[in-house]
Amino acid sequence: MRAISGTMLRDLLVCERRLGLDLHGDPSLRDATSPFVKMLWANGLAHEAHVLSDMQQGATDLRQLPREERERGTKEAIAAGADIILGSVIVHDDLIGMPDVLMRTPAGYVAADVKAGAATEGPSDAYKREYLAQVAHYSFILGQSGLGRSDVAAIIDANGHLVEYDLALPFGRDRADGATRHLELLARARAIRDGAATRGAIAAKCSLCDWRSVCRREMTDADDLTRIAGLGRALRDAVETIAPTVSALALVPHPETGRATGIPGVGPDRLARFIDRARLIADPDAGPVTREPLLLPGNPHAVDFDVEADPVRGLVYLHGFWHEVDGPGSGSFVHFFAETADAAGERIAFAQAIDHFRLHRDAHWFHYSAYERTAYRGLQRRHPDVCAEDEIDEIFDPSRCTDLYQVIARSTDWPLTSYSIKSIAKSCGFRWEDVDPSGAASVQWYDQFVQTGDATLRERITIYNRDDVRASARVREALAELELTGRIEGFRRSE
Ligand code: SF4
């Protein structure tokens with residue numbers, strides 16, 4: 001019987017189908033692990049090694065031993081009363097845990113993991129659930145085996161700070177505590193290990209998962225409701241009470257305006273929208289449609305802009321602008337690249353970008369998704385000497401700046417499962433020059449560029465950014481055509 005580990009519980013939290021496929025799927029059907037994921041692993045391991053090496057002095061270090069010896073060594077170290085144990089292995093019944101650190105306290109041993117991120121998230125600084133799943137598992141094993149404390153665990157975060165997780169503290173909307181959350185996950189993980197069925201979905205996170213091709217095939221074959229943009233896993237459970245598939249939903253009549261649908265969380269307008277999208281997907285000849293006037297600005301000088309960020313270093317390192325002054329096809333690309341991968345380099349590129357906005361005050365600006373506004377607000381907070389908060393608000397004022405994603409989500413429907421710029425622009429005939437264009441890939445290229453200084457990588461990122469802003473221009477042009485003629489010439493489903 002396969003032992004349940006903390007990593008399995010974390011994976012279950014991310015997606016139950018992933019745990020199901022990891023345990024029972026055909027490994028030959030896995031996709032190659034994304035280079036971005038590999039980069040995160042490598043950075044996580046490097047951070048862990050760095051933090052643990054600082055704790056090595058006076059600690060019992062089991063990290064280099066084979067697994068069985070680490071398990072035995074952990075018991076011996078605990079029996080001997082070691083203050084710090086690195087690389088421990090703890091086992092109880094069908095459970096296994098590998099906490100990075102065990103720390104002796106007067107009330108017993110406490111398990112901790114080293115992480116390359118912050119220990120809490122959101123405005124209320126709630127415990128990070130993926131981290132909690134793992135360390136609560138260690139605490140449970142410690143408590144059950146009588147080796148340590150089950151009421152508390154800890155994270156050593158990206159800054160090397162120790163953050164305690166009180167496992168009896170209720171948090172989140174459901175006010176469940178960490179110990180209860182762990183027991184629920186554990187029960188589900190045991191059921192999946194023992195053969196309980198799991199279901200996939202189509203979600204943004206799938207793009208980084210090794211089972212993406214398997215799940216996409218499964219979801220297409222099942223005509224799954226998550227193929228409808230905006231209808232995720234949680235809503236699927238509710239909507240499938242009236243229609244189990246996209247084709248079935250396409251046949252459902254529109255609900256009466258103002259009348260409850262009987263589906264929790266889905267009002268009549270929202271249900272009507274899902275039905276319309278289902279009808280488009282179910283009709284092989286359908287193209288995108290507008291639902292209301294798009295009100296795109298008619299300013300002859302249009303600028304599409306996009307930033308590239310490195311979430312690992314916490315830097316925004318590239319600002320790209322595509323200027324069109326004489327309509328489609330007349331564009332030129334301007335960009336500002338941080339010359340050093342640090343706060344000083346980020347500041348200079350940010351200042352250049354702000355100057356660029358000032359220089360072209362009369363233009364109308366376009367971006368795709370809320371990310372640019374978030375990124376510029378963060379830049380302003382980190383570099384308040386470059387510009388005031390008000391100036392960021394002015395840049396993103398709707399009278400001079402349009403989020404094309406908002407226009408698409410609010411005022412149009414497409415026969416596509418994703419409304420990302422990649423899906424929409426490709427369906428409108430745009431092609432990226434790079435063979436593997438994605439935000440995740442560009443982060444990995446940047447990481448390699450910083451480590452090696454390889455100029456071809458810098459060029460690759462810049463071309464990728466240029467194509468992102470050109471794609472935005474193509475989407476703008478296609479939306480204008482759709483509004484004017486009711487169709488987009490050459491539209492093709494990109495999935
Ligand atoms: S591809 Fe998506 S649904 Fe499938 S296992 Fe991965 S995360 Fe889950």
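The values are calculated or read from the model by the stated rules, or taken from the named source; none is laboratory data. In this text the structure is predicted, and so the values were computed from the model without any measurement. All Cβ positions, even for glycine, are placed from backbone atoms using ideal geometry, and neighbour counts span all protein chains on display.
Would region 435-442 turn up any residue that is crowded, with 16+ Cβ neighbours inside 10 Å and of a type in the set (A, V, I, L, M)? Step through it out loud before you land on a result.
Of all residues in region 435-442, those crowded, with 16+ Cβ neighbours inside 10 Å come to 437-442.
This time we only want the ones that are of a type in the set (A, V, I, L, M), so: 440-441.
Yes - at least one qualifying residue is present in region 435-442.
Filtering region 13-43 down to residues that are within 13 Å of the ligand (Cβ to nearest atom) and of a type in the set (D, E, K, R), which residue is farthest from Trp211 (Cα to Cα)?
Initial filter on region 13-43 (within 13 Å of the ligand (Cβ to nearest atom)): 13-25, 29-31, 33-34, 37.
Subset that is of a type in the set (D, E, K, R): 16-18, 22, 30-31.
Numbers: Glu16: 12, Arg17: 9, Arg18: 7, Asp22: 9, Arg30: 5, Asp31: 6 Å.
By that ranking, first place goes to Glu16.
Taking the criterion of being away from the ligand (no atom under 16 Å from the Cβ) and more than 20 Å from the chain's Cα centre (by Cα), would at least one residue in region 196-208 satisfy it?
So in region 196-208, the residues away from the ligand (no atom under 16 Å from the Cβ) come out as none.
Within region 196-208, not a single residue is away from the ligand (no atom under 16 Å from the Cβ) and more than 20 Å from the chain's Cα centre (by Cα).
For region 467-491, give me the residue count where each residue is among the charged types (D, E, K, R) and over 14 Å from Ile421 (Cβ atoms).
Within region 467-491, the subset among the charged types (D, E, K, R) is 467-468, 470, 474, 476-477, 481, 483, 487, 489.
Keeping just the survivors that are over 14 Å from Ile421 (Cβ atoms) gives 481, 483, 487, 489.
The total comes to 4.
Checking the structure you have, find out if any residue of region 265-276 is in contact (Cβ under 8 Å) with a residue 40 or more places away in the chain and within 11 Å of the ligand (Cβ to nearest atom). Show your work before the answer.
Applying the first criterion (in contact (Cβ under 8 Å) with a residue 40 or more places away in the chain) to region 265-276 yields 273-274, 276.
After this cut, where a residue has to be within 11 Å of the ligand (Cβ to nearest atom) as well, the list is none.
No, because not a single residue in region 265-276 is in contact (Cβ under 8 Å) with a residue 40 or more places away in the chain and within 11 Å of the ligand (Cβ to nearest atom).
Could you list, in sequence order, all residues of region 318-375 that are in a strand (DSSP E or B), without any contact (Cβ under 8 Å) to a residue 60 or more places away in the chain and over 26 Å from the mean Cα position of the chain (by Cα)?
His323, Ser332, Val334
Only one of these is part of a helix (DSSP H, G or I), at pLDDT 95 or above and β-branched (Val, Ile, Thr): Val135, Val163. Name it.
Numbers: Val163 fails: part of a helix (DSSP H, G or I).
Result of the check over Val135, Val163: Val135.
Residues that are farther than 28 Å from Ser145 by Cα: which helices (runs of 4 or more DSSP H) entirely in region 1-113 hold 2 or more of them?
Values: elements: 6-14, 16-24, 35-55, 67-80.
It comes to 16-24, 35-55.
Which one is nearest to the ligand (Cβ to nearest atom) among residues in region 169-195 that are acidic (Asp, Glu) and in a loop (DSSP other than H, G, I, E, B)?
Start the filter on region 169-195 by keeping residues that are acidic (Asp, Glu), which leaves 174, 177, 184, 194.
If we keep only those that are in a loop (DSSP other than H, G, I, E, B) too, we end up with 174, 177, 194.
On the way: Asp174: 22, Asp177: 27, Asp194: 19 Å.
Ranking the candidates gives Asp194 first.
Let me confirm something: among Glu308, Glu346, Glu324, which residue is under 14 Å from Asn465 (Cα atoms), in the same structural domain as Ala370 (by TED's automatic domain parsing), surrounded by 15 or more Cβ atoms within 10 Å (Cβ to Cβ) and acidic (Asp, Glu)? Write out each step before concluding.
Details: Glu346 fails: under 14 Å from Asn465 (Cα atoms); Glu324 fails: under 14 Å from Asn465 (Cα atoms).
Going through Glu308, Glu346, Glu324 in turn, the sole match is Glu308.
Checking the structure you have, find out if any residue of region 235-246 is within 26 Å of the chain's Cα centre (by Cα), within 12 Å of the ligand (Cβ to nearest atom) and part of a loop (DSSP other than H, G, I, E, B).
Among the residues of region 235-246, not one is within 26 Å of the chain's Cα centre (by Cα), within 12 Å of the ligand (Cβ to nearest atom) and part of a loop (DSSP other than H, G, I, E, B), which makes the answer no.
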